[in-house]
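In what follows, a single structure is set out as structure tokens and then discussed.
The values are calculated or read from the model by the stated rules, or taken from the named source; none is laboratory data. Quick caveat, the model's predicted, so the values are computed rather than measured. Please note: Cβ atoms are built from the backbone with ideal geometry, for glycine as well, and neighbour counts cover all protein chains shown.
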Amino acid sequence: KVRTPGGVEGWVHVDDIGRTLDAQGQPLALKSPDFDSYTRRRWEFGFMAGDYDSTDTLAVYLGWHFTPNLSLELTASENYGDFSDGKMATLSIVHQMFPQWRYSPFVTIGGGVRQTNPRSTLVSTEDRTDNTANVGAGLRVYLTKRLLLRLQYKYYMVMTDRDDDEEVNEWTVGVSAFF
């Protein structure tokens, strides 16, 4: 928001902010986010939606880029199915092979915990909490300013107390902001 010498207040376009002068009449060093900001980002936050073993899934994640190629991601997700619902929290390390590319592939590996809540009315079933391990791959696409598109596949191994562990495929697409 800006104010003119005549006292009129209003909004200006982001491109006009670059022509702002300081009290001494010198241009301010203001920079709007661009592709270079994307390649130097430290934090990333996003929402994803998709398919977790033929159920709808929603996820939110926060990533910290500690090098241009490596980041840690904390993800919380929830899936909704006809026979059970579930919640999951995972911590993953992500390797982005070519962070300077607009279309940048990545691989991920991690682990976490999953809570499954069966929806059974005929048989008494208990909620389960199980450890998980995952590997995955995906593609980040720089869109504009501070936004990127994220496409991702993950393979989960859910380590249950039963005789067989569960193998689950997850496909998601999402939008993220970086800062």
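Tabulated results
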quantity	calculated
F98, sole failed condition from (1) in a strand (DSSP E or B); (2) in contact with a Ser or Thr (Cβ under 8 Å, 6 or more places away or on another chain); (3) within 15 Å of Y142 (Cα to Cα)	(1)
Of all residues making up the stretch 28-49, the number that are modelled with pLDDT of 80 or more and either of a type in the set (S, T, N, Q) or more than 10 Å from R146 (Cα to Cα) (or both)	11
Among residues of the stretch 1-30, those that are surrounded by 10 or more Cβ atoms within 10 Å (Cβ to Cβ) and either under 31 Å from the mean Cα position of the chain (by Cα) or outside any loop (DSSP other than H, G, I, E, B) (or both), counted	8
Any hit, the stretch 72-88, residues being assigned to a strand (DSSP E or B), among the charged types (D, E, K, R) and crowded, with 19+ Cβ neighbours inside 10 Å	no
The lone exception for Q100 - which of (1) surrounded by 15 or more Cβ atoms within 10 Å (Cβ to Cβ); (2) under 30 Å from F35 (Cβ atoms) it fails	(1)
Single residue of P27, P68 found to be in contact with a helix residue (DSSP H, G or I) (Cβ under 8 Å, 6 or more places away or on another chain), more than 30 Å from E126 (Cβ to Cβ) and not polar (S, T, N, Q)	P68
Any hit, the stretch 78-101, residues being touching a Leu at 6+ places or on another chain (Cβ under 8 Å), within 17 Å of L149 (Cα to Cα) and among the aromatic types (F, W, Y)	no
Count of the stretch 146-162 residues which are farther than 17 Å from L58 by Cβ, in contact (Cβ under 8 Å) with a residue 24 or more places away in the chain, of a type outside the set (D, E, K, R) and out of contact with any helix residue (DSSP H, G or I) (no Cβ under 8 Å at 6 or more places or on another chain)	5
Members of the stretch 134-179 found to be among the polar types (S, T, N, Q) and more than 17 Å from A89 (Cα to Cα), listed by number	T144, S176
Whichever residue in the stretch 135-179 is assigned to a strand (DSSP E or B), touching a Ser or Thr at 6+ places or on another chain (Cβ under 8 Å) and charged (D, E, K, R) and, among such residues, is modelled with the lowest pLDDT	E166
Residue that is nearest to R41 (Cα to Cα) [pool: residues in the stretch 115-128 that are modelled with pLDDT under 95 and assigned to a strand (DSSP E or B)]	T116
Qualifying position, being farther than 23 Å from L139 by Cβ and in contact (Cβ under 8 Å) with a residue 60 or more places away in the chain, among S84, S32, S37	S32
Given (1) more than 21 Å from T172 (Cα to Cα); (2) among the charged types (D, E, K, R); (3) surrounded by 12 or more Cβ atoms within 10 Å (Cβ to Cβ); (4) free of Cβ contacts under 8 Å to residues at least 40 places away in the same chain, index of the condition D56 fails	(1)
